[in-house]
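Heads up, the thing below is written out as structure tokens.
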Amino acid sequence: MSAPAPLDQAVLPAGIRSRYVENINGLRMHVLETGYQSHSPADDRACVLLLHGFPELAYSWRKVMLPLAQAGYHVIAPDQRGYGRTTGWDADYDGELGSFRLFNLVRDALGLVSALGYRSVAAVVGHDFGAPVAAWCALLRPDVFRSVALMSAPFGGPPPLPFDTTAIPAPLQGATGLADPDMNAALALLQPPRKHYQWYYSTRAANDDMRNCAQGLHAFLRAYYHFKSADWKQNQPYPLESWDAGELAKLPRYYVMDLDKGMAETVAPEIPCAADIAACAWLPESELAVYSAEFARTGFQGGLQWYRCATSGRFSAEMQLFSGRTIDVPACFIAGKNDWGVYQKPGDFEKMQNVACTQMLGCHLLDGAGHWVQQEQAQEVSRLLLQFLRQAGPNRKS
């Protein structure tokens, strides 16, 4: 993959710059950055690291970066492995999948922090699939990631290690999670037949289906973002009772899809009308064009590899090394009140608050936001992040 130029300054808010950091765990990492304007070479600003999800970019944090910087933080948002202008990752479906596993994504984050000259950061903040990366950062290296804010995807803890199984056989690996092969079959038996989106994202066809879809990539992304936002009024989520096909089928089609449809075909009927697009202040056409241009250039396969790591079960064993371990640094959770992502894995929202995070300082579900909470309600997210950072500790560099 050729190395692109930094992101055009014209598409960024004044005060945010685009640049590259070299040699980060094999990557040339593209970052957006603000709060770097130092009064002296010995600037003592603490760092906040922002990790995006799918299908997003560092650009997804554009609306919260400046408020954090104005409060005294050096704010860094990278295009993560597989995304945007970061290079050095393998875009081939048949390439090395292991480089996209969660532990290596944590290594990417740790390498970036270290390259920037920080022994620790005030907080790591993750949204969507960036949330489990942030959670594992805090669990594996609490000395570096001194607090963690999770958005839209609750963290239920490391996968359990089978216990007391000498008399009673252990269940199959992943039997209650995304690596469970029986769930595919159970969803397919429903009427109408269904499939889980993460398994769909793991298929060879998914990248081409979205990148080269009939309606065009820009229209696909407009429908996808709209469908999962508070603007789609049918998003009225509630907790599911258990991880079984009947309960999962209650999720909207963008999570549990019709068996015979790809994602582009699934979201196409939900594209908003021209008037609604013009009224969408949180994602105007000029800003959506940044996403569509980037994904047109790179495709989606880099991000889809993350899902393949989850559904394959190949990396569960190394994660089970930390079975029973908790996140013991200060933590908070922020999501939209209209975000089904809070409940898509039954029980994790409760486990996060009661077990997985031992210093949970706040759990916030925001009015007027769906899945894209830091874009839909940027002002309130910024306020809550700053409140959390004040509660979690001092904002001095270390």
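In terms of solvent-accessible area of protein heavy atoms at a 1.4 angstrom probe, what is the ranking of LEU259, LEU112, LEU140, LEU189, highest value first? Mind dumping the intermediate values first?
Details: LEU259 80, LEU112 0, LEU140 45, LEU189 140 Å².
From most accessible down to least: LEU189, LEU259, LEU140, LEU112.
Quick one: net charge around PRO67, please, counting Lys, Arg +1 and Asp, Glu -1 for every other residue with C-beta under 12 Å from its C-beta.
Net charge in that neighbourhood comes out at +2.
How many percent of all Cα-Cα pairs in the stretch 253-398 sit more than 21 Å apart? Before the final figure, lay out each step's value.
Details: 6779 of 10585 pairs.
Distances greater than 21 Å cover 64 percent of the Cα pairs.
For the stretch 300-359, state what percent of all Cα-Cα pairs lands in each successive 5 Å bin, counting from 0 Å until the bin that includes the largest distance.
4, 14, 15, 19, 25, 17, 5, 0
If you build the convex hull over the alpha carbons only and average its shadow over all orientations, what do you get for the stretch 131-282? Give it in nm² to one decimal.
Numbers: hull surface 51.3 nm².
Here the figure is 12.8 nm², rounded to one decimal.
Assign one of three labels to the stretch 328-398, namely rounded, prolate or oblate, based on the Cα gyration tensor with a ≥ b ≥ c the square roots of its eigenvalues; rounded applies when a/c is under 1.5, prolate when it is not and a/b is larger than b/c, and oblate otherwise.
Since a/c reaches 1.5 but b/c is at least a/b, the shape of the stretch 328-398 is classed as oblate.
What order, most packed first, do the peptides 338-348, 279-289 have when packing is the mean number of other Cβ atoms within 10 Å of each residue? Display every interim value, and only then the final one.
Working: 338-348: 21.1, 279-289: 13.9.
Descending packing order for the listed peptides: 338-348, 279-289.
Based on Cα coordinates alone, diagonalise the gyration tensor for the chain, multiply each eigenvalue by 5, take square roots, and list the semi-axes in whole Å, largest first. Intermediate values should be presented prior to the final figure.
Values: eigenvalues 182, 136, 86 Å².
In descending order the semi-axes read 30, 26, 21 Å.
Before rounding to the nearest 500, sum -39500 (n - 2.57) across all DSSP H runs of length at least 4 in the chain and divide by the residue total; then give [θ] at 222 nm in deg cm²/dmol.
On the way: 16 runs with 132 residues, N = 398.
Calculated mean residue ellipticity at 222 nm is -9000 deg cm²/dmol.
How large is log10 I(q)/I(0) at q = 0.14, 0.16, 0.19, 0.21 Å⁻¹ when the Debye formula is applied to the Cα atoms of the stretch 6-153, each weighted equally and without solvent?
-0.61, -0.81, -1.17, -1.45
For ASP164, ASP231, give the ranking by accessible area with the largest first, probe 1.4 Å. Before the final figure, lay out the partial values.
Numbers: ASP164 115, ASP231 60 Å².
Greatest to least solvent exposure: ASP164, ASP231.
Assuming 0.36 nm per residue, please report the length gained on full extension of the stretch VAL11 to PHE163 beyond their Cα-Cα distance. If you can, show how the numbers build up before the last one.
On the way: separation 152, 0.36 × 152 = 54.72 nm, distance 5.27 nm.
The VAL11-PHE163 span can extend by a further 49.5 nm.
Amide H to amide H under 5 Å from ARG194: which residues, 5+ apart in sequence or cross-chain, H placed 1.01 Å off N in plane?
For ARG194, whose amide H was placed from the backbone, the distant partners under 5 Å are ALA188, LEU189, LEU259.
Over the stretch 340-398, calculate the relative contact order: mean separation of alpha carbon pairs under 8 Å at least 6 apart, over the residue count, as a percent. Intermediate results must be reported in sequence, preceding the final value.
Values: 20 pairs, mean separation 13.9, N = 59.
The value is 24 percent.
Among the listed pairs LYS228/LYS261; LYS261/LYS351; LYS63/LYS195, which are separated by more than 29 Å between their Cα atoms?
Values: LYS228/LYS261 18 Å; LYS261/LYS351 33 Å; LYS63/LYS195 34 Å.
Distance filter (> 29 Å) returns LYS261/LYS351; LYS63/LYS195.
Quick one: compute the contact order of the chain, relative version, from alpha carbon pairs under 8 angstrom and 6+ residues apart, as a percent. Intermediate values should be presented prior to the final figure.
Numbers: 771 pairs, mean separation 86.2, N = 398.
Result for the chain is 22 percent.
Compute log10 of I(q)/I(0) for the stretch 226-318 with the Debye formula, placing one identical point scatterer on every Cα and leaving out solvent, at q = 0.17 Å⁻¹, to two decimals.
-1.08
The values are calculated or read from the model by the stated rules, or taken from the named source; none is laboratory data. This one's a predicted model, so the numbers in the text were calculated from it and none came from an experiment. All Cβ positions, even for glycine, are placed from backbone atoms using ideal geometry, and neighbour counts span all protein chains on display. Ligands, DNA and RNA are stripped out before the accessible areas are found, and what is left, the full protein with its side chains, is counted by its heavy atoms. Shrake-Rupley method; radii C 1.70, N 1.55, O 1.52, S 1.80 Å.
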